[in-house]
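Peer 1: The structure's right below; bear with me while I get my questions together.
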Amino acid sequence: MTGMSGRTSSIWMPEKGLPGYAALERDAQVEVCIIGAGIAGMSAAYLLVQAGRSVIVVDDATVGSGQTGRTTAHLSNALDDRYFEIERLHGAQGARLAAQSHTAAIDRIESIVAKEEIACEFERLDGFLFVPPGESPQILEREQQAARRAGLIDVEYVQHSPFNSFDTGPCLRFPRQAQFHPLKYLTRLAEILIECGGRIFGNTHVHRVQGGAKAQVTTRNGQVIACNAIVVATNTPVNNRLVIHTKQAAYRTYVIAAPVPKGAVAKVLAWDTGDPYHYIRIESPLNSNTDMLIIGGEDHKTGQAVSTEERFSRLETWMWERFPLAGPIQHQWSGQIMEPIDALAFIGRNPMDDPNVYIVTGDSGNGMTHGTIAGMLITDLILGRENAWEKLYDPARITPKAVTDFARENLNVAAQYAHWAAGGDVSSVEDIAPGEAAIISHGLNKIAAYRDEAGALHERSAVCPHLGCIVKWNAAEKTWDCPCHGSRYKWDGTVINGPAVSNLTTAVHAK
Ligand code: FES
């Protein structure tokens, strides 16, 4: 379905929409306040409630409405950044702990699914890592050795993947990976949380986070949640103005899904080592006589692509070349990935903050396992239990071997401020066609202008309220995306992704 445009919707989204939760309407008191009802926040909430803690979860929309609803839900310990790289950055022990923690996260999801009898299509399967055409498979040998040193001794070098419509060439087979339906899992976790006395408030936008002896979370509408500990699980922290944002970068990743005859494509996870890379999985929807082939990739830095829509066309081409039996595309969507400079998520106490404020961010493309690790690790930190992964994921860590990546990321961010000096995309709003948008210069002001399908013009300031970069139009999602740290806004300027916590302001026209 080339040409599908506008806001996109993932394959996981139920037709009738996700269950909603009432907004917080009065002040509250609780032991732990969790901001963000995605995989990380809900995993922490579930485990804390199981441990007898009182928990409130707040989300500015609803459970699973953020990036967890836009994942492809690979549950994998074959980490995107490769074990040889993790070993280089974090040492042999760090790589072992990384492998152990992702393996433990898959096991934990499996045990929760079994214990709670969650119907979320969890299943174990193999994962295959292959190289793009024309590239040497040497990287696979290197990765196999590093993975084995990290404790994944069953990772095996094989001559082909099980796909029969195209030849991947040699692969690494990672056994005991898994997949599930992320929103069915999360929706049931939320129900269990409430059955166990936890509270969830939707449509509740957090405005201020304050740790310390009188820890409290204040909403945009002024309600206050007094608590002993705060967990910020909002994909990228909305409470940390700068520190953590210098250590990670936001990327958009694109996904398409098309029907294939049942059983025609091997049910495995697969990933290539390309740049940008691709990932594959099969979903078998209940009561359907076809499978769905889900293919993702074509990542780019948020707010820094020339054309976001072109990414979908490239994915389609990639898919048709390899899976000619696939039917017309039925879903396309994109998601946000936070890439840490040293390949592992940041999970733990928020740097330069009070000790009872915890963050989780930097999913690094392994969001489901990193989110589950966060649930386990933050629960242990709050309960005062030892956890062997604490140092590895410490958000305050300094990774000397990542210093070049740190400098590169921050130079890239600095370069984005040059958009202040550039002219607008068009010289007049008359040049903006219905359904399109552009940045317009008005003297020293920059305006983000969108003309809706009915021809009405909507103008906001183009200055990102986080730290002042100029936003860029994302035609595929009809959003304004910030190229500096990944904040995103709806076409009307309403914030939908941190680190910004406020909307694009009113447009000011130069006199
Ligand atoms: Fe930091 Fe926009 S997200 S300036």
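Peer 1: Has segment 439-458 got at least one residue that is in contact with an Asp or Glu (Cβ under 7 Å, 6 or more places away or on another chain) and open to solvent by 70 Å² or more (accessible area, probe 1.4 Å)?
Peer 2: Within segment 439-458 (the criterion being in contact with an Asp or Glu (Cβ under 7 Å, 6 or more places away or on another chain) and open to solvent by 70 Å² or more (accessible area, probe 1.4 Å)), the answer is no, since none of the residues qualifies.
Peer 1: Moving on. Only one residue in Glu135, Glu143 is under 22 Å from Pro276 (Cα atoms) and touching a Phe, Trp or Tyr at 6+ places or on another chain (Cβ under 7 Å), so which one is that?
Peer 2: Glu143
Peer 1: Consider His442 against the criteria (1) out of contact with any His (no Cβ under 6 Å at 6 or more places or on another chain); (2) away from the ligand (no atom under 16 Å from the Cβ); (3) farther than 24 Å from Arg311 by Cα: it satisfies all of them except one. Which criterion is unmet?
Peer 2: If we test His442 against (1) out of contact with any His (no Cβ under 6 Å at 6 or more places or on another chain); (2) away from the ligand (no atom under 16 Å from the Cβ); (3) farther than 24 Å from Arg311 by Cα, just (1) comes out false.
Peer 1: Kindly indicate which of Ala418, Ala510 is within 16 Å of the ligand (Cβ to nearest atom), surrounded by fewer than 17 Cβ atoms within 10 Å (Cβ to Cβ) and modelled with pLDDT under 90. Can you show your working first?
Peer 2: Values: Ala510 fails: within 16 Å of the ligand (Cβ to nearest atom).
Residue meeting the stated conditions: Ala418.
For (1) within 23 Å of the chain's Cα centre (by Cα); (2) at pLDDT below 95; (3) surrounded by fewer than 17 Cβ atoms within 10 Å (Cβ to Cβ), each residue gets a yes or a no:
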| position | (1), (2), (3) |
| --- | --- |
| Cys120 | yes, no, no |
| Phe128 | yes, no, no |
| Ser136 | no, yes, yes |
| Pro162 | no, no, yes |
| Leu172 | no, no, no |
| His181 | yes, no, no |
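Peer 1: Filter segment 347-374 down to residues that are among the acidic types (Asp, Glu) and surrounded by fewer than 24 Cβ atoms within 10 Å (Cβ to Cβ), then give me how many there are.
Peer 2: Pass one, segment 347-374, residues among the acidic types (Asp, Glu): 353-354, 363.
Next, from what is left, pick out any that are surrounded by fewer than 24 Cβ atoms within 10 Å (Cβ to Cβ): 353-354.
Counting residues in segment 347-374 that are among the acidic types (Asp, Glu) and surrounded by fewer than 24 Cβ atoms within 10 Å (Cβ to Cβ) gives 2.
Peer 1: Okay, next question. Identify the single condition in (1) at pLDDT 95 or above; (2) open to solvent by 40 Å² or more (accessible area, probe 1.4 Å) that Asp275 does not satisfy, given that it satisfies every other one.
Peer 2: Among (1) at pLDDT 95 or above; (2) open to solvent by 40 Å² or more (accessible area, probe 1.4 Å), the lone unmet condition for Asp275 is (1).
Peer 1: May I pose another question? Assess whether Ala250 counts as being buried (at least 24 other Cβ atoms within 10 Å of the Cβ) and among the hydrophobic types (A, V, I, L, M, F, W, C).
Peer 2: Numbers: buried (at least 24 other Cβ atoms within 10 Å of the Cβ): yes; among the hydrophobic types (A, V, I, L, M, F, W, C): yes.
It is true that Ala250 is buried (at least 24 other Cβ atoms within 10 Å of the Cβ) and among the hydrophobic types (A, V, I, L, M, F, W, C).
Peer 1: If Ile256 satisfies all but one of (1) more than 30 Å from Leu47 (Cβ to Cβ); (2) in contact with an Asp or Glu (Cβ under 7 Å, 6 or more places away or on another chain); (3) open to solvent by 10 Å² or more (accessible area, probe 1.4 Å), what's the number of the condition it fails?
Peer 2: Ile256 satisfies all of (1) more than 30 Å from Leu47 (Cβ to Cβ); (2) in contact with an Asp or Glu (Cβ under 7 Å, 6 or more places away or on another chain); (3) open to solvent by 10 Å² or more (accessible area, probe 1.4 Å) except (3).
Rundown of residues vs (1) closer than 19 Å to Pro133 by Cβ; (2) open to solvent by 40 Å² or more (accessible area, probe 1.4 Å), yes/no style:
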{"site": "Glu283", "(1), (2)": "no, no"}
{"site": "Leu286", "(1), (2)": "no, yes"}
{"site": "Asn289", "(1), (2)": "no, yes"}
{"site": "Ile295", "(1), (2)": "yes, no"}
{"site": "Gly303", "(1), (2)": "no, no"}
{"site": "Thr317", "(1), (2)": "yes, yes"}
{"site": "Pro324", "(1), (2)": "yes, yes"}
{"site": "Gly327", "(1), (2)": "no, no"}
{"site": "Gln332", "(1), (2)": "no, no"}
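Peer 1: Could you tell me whether Gly468 is within 16 Å of the ligand (Cβ to nearest atom), at positive phi and either small (Gly, Ala, Ser) or open to solvent by less than 50 Å² (accessible area, probe 1.4 Å) (or both)? Even if it seems obvious, please write down each step before you answer.
Peer 2: Working: within 16 Å of the ligand (Cβ to nearest atom): yes; at positive phi: yes; either small (Gly, Ala, Ser) or open to solvent by less than 50 Å² (accessible area, probe 1.4 Å) (or both): yes.
It is true that Gly468 is within 16 Å of the ligand (Cβ to nearest atom), at positive phi and either small (Gly, Ala, Ser) or open to solvent by less than 50 Å² (accessible area, probe 1.4 Å) (or both).
Peer 1: Between a first residue in segment 39-61 that is more than 21 Å from Thr71 (Cβ to Cβ) and a second residue that is open to solvent by less than 10 Å² (accessible area, probe 1.4 Å) and assigned to a helix (DSSP H, G or I), which pairs have beta carbons less than 8 Å apart while being 6 or more apart in sequence or on different chains?
Peer 2: Short answer, once both residue conditions are applied: Leu48/Thr379; Val49/Leu193; Ala51/Thr379; Val55/Ala45; Val55/Leu48; Val55/Leu193.
Peer 1: Follow-up. Please tell me if Gly423 is within 13 Å of the ligand (Cβ to nearest atom), in contact (Cβ under 8 Å) with a residue 12 or more places away in the chain, more than 30 Å from Val255 (Cβ to Cβ) and of a type in the set (Gly, Ala, Ser).
Peer 2: Details: within 13 Å of the ligand (Cβ to nearest atom): no; in contact (Cβ under 8 Å) with a residue 12 or more places away in the chain: yes; more than 30 Å from Val255 (Cβ to Cβ): yes; of a type in the set (Gly, Ala, Ser): yes.
Against the criterion (within 13 Å of the ligand (Cβ to nearest atom), in contact (Cβ under 8 Å) with a residue 12 or more places away in the chain, more than 30 Å from Val255 (Cβ to Cβ) and of a type in the set (Gly, Ala, Ser)), Gly423 does not qualify.
Peer 1: Among the numbered conditions (1) open to solvent by less than 30 Å² (accessible area, probe 1.4 Å); (2) hydrophobic (A, V, I, L, M, F, W, C); (3) over 29 Å from Glu298 (Cβ atoms), tell me where Val265 comes up short.
Peer 2: Single failed check for Val265: (3).
Peer 1: Now a separate question. So which residues in segment 471-497 are touching a residue at least 12 places away in the same chain (Cβ under 8 Å) and either within 8 Å of the ligand (Cβ to nearest atom) or of a type in the set (S, T, N, Q) (or both), if there are any at all?
Peer 2: Result: Val471, Asn474, Thr479, Cys482, Pro483, Cys484, His485, Gly486, Ser487, Asn497.
Peer 1: Right, here's the next one. Name the one entry in Val209, Val231 that is in contact with a Gly (Cβ under 9 Å, 6 or more places away or on another chain) and away from the ligand (no atom under 14 Å from the Cβ).
Peer 2: Working: Val209 fails: in contact with a Gly (Cβ under 9 Å, 6 or more places away or on another chain).
None of the others qualify; the one that does is Val231.
Peer 1: Among the candidates Leu383, Leu392, single out the residue that is at pLDDT 95 or above, of a type outside the set (D, E, K, R) and surrounded by 17 or more Cβ atoms within 10 Å (Cβ to Cβ). Give the derivation first.
Peer 2: Values: Leu383 fails: surrounded by 17 or more Cβ atoms within 10 Å (Cβ to Cβ).
From the options Leu383, Leu392, the qualifying one is Leu392.
Peer 1: Considering only strands (runs of 3 or more DSSP E) fully contained in segment 150-233, which possess at least 1 residues that are farther than 30 Å from Met319 by Cβ? Break it down stepwise before answering.
Peer 2: On the way: elements: 156-158, 171-179, 199-201, 206-210, 216-219, 224-232.
It comes to 199-201, 206-210, 216-219, 224-232.
Peer 1: Here is a further query. From the set of residues in segment 9-30 that are farther than 29 Å from Phe180 by Cβ and of a type in the set (Asp, Glu), which is most open to solvent (accessible area, probe 1.4 Å)?
Peer 2: Glu25
Peer 1: Would you be able to say whether some residue in segment 81-101 is of a type outside the set (Val, Ile, Thr), part of a loop (DSSP other than H, G, I, E, B), buried (at least 24 other Cβ atoms within 10 Å of the Cβ) and under 23 Å from the mean Cα position of the chain (by Cα)? So that I can check it myself, show each step before the final result.
Peer 2: Of the residues in segment 81-101, the ones of a type outside the set (Val, Ile, Thr) are 81-85, 87-101.
Narrowing the set further to residues that are part of a loop (DSSP other than H, G, I, E, B) leaves 81-82.
Now narrow it down to the ones that are buried (at least 24 other Cβ atoms within 10 Å of the Cβ): none.
The answer is no; no qualifying residue exists.
Peer 1: For segment 439-511, which fully contained strands (runs of 3 or more DSSP E) count at least 1 residues that are farther than 23 Å from Ser427 by Cβ and among the hydrophobic types (A, V, I, L, M, F, W, C)? Before you say what the answer is, go through the steps one by one.
Peer 2: Working: elements: 445-451, 457-461, 472-474, 479-481, 488-490, 495-497.
The strands (runs of 3 or more DSSP E) meeting that bar are 495-497.
Peer 1: Next question. Only residues that are open to solvent by less than 10 Å² (accessible area, probe 1.4 Å), over 21 Å from Leu242 (Cα atoms) and in contact with a Ser or Thr (Cβ under 7 Å, 6 or more places away or on another chain): list them for segment 471-491, please.
Peer 2: Matches in segment 471-491: Asn474, Ala476, Glu477.
One line per residue, one yes/no per condition, for (1) within 14 Å of Gly371 (Cβ to Cβ); (2) touching a strand residue (DSSP E or B) at 6+ places or on another chain (Cβ under 8 Å); (3) of a type outside the set (Phe, Trp, Tyr):
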| residue | (1), (2), (3) |
| --- | --- |
| Gly64 | yes, no, yes |
| Gly69 | yes, no, yes |
| Ser76 | yes, yes, yes |
| Arg82 | no, no, yes |
| Arg88 | no, no, yes |
| Gln93 | no, no, yes |
| Leu97 | no, no, yes |
| Gln100 | no, no, yes |
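The values are calculated or read from the model by the stated rules, or taken from the named source; none is laboratory data. Predicted model, so just to flag it, every value in this text is computed and none were measured. Counting neighbours? That spans all protein chains shown, and the Cβs are built from the backbone with ideal geometry, glycine included. Calculation scope for accessible area: heavy atoms of the full protein, side chains included, ligands and nucleic acids excluded. Shrake-Rupley method; radii C 1.70, N 1.55, O 1.52, S 1.80 Å.
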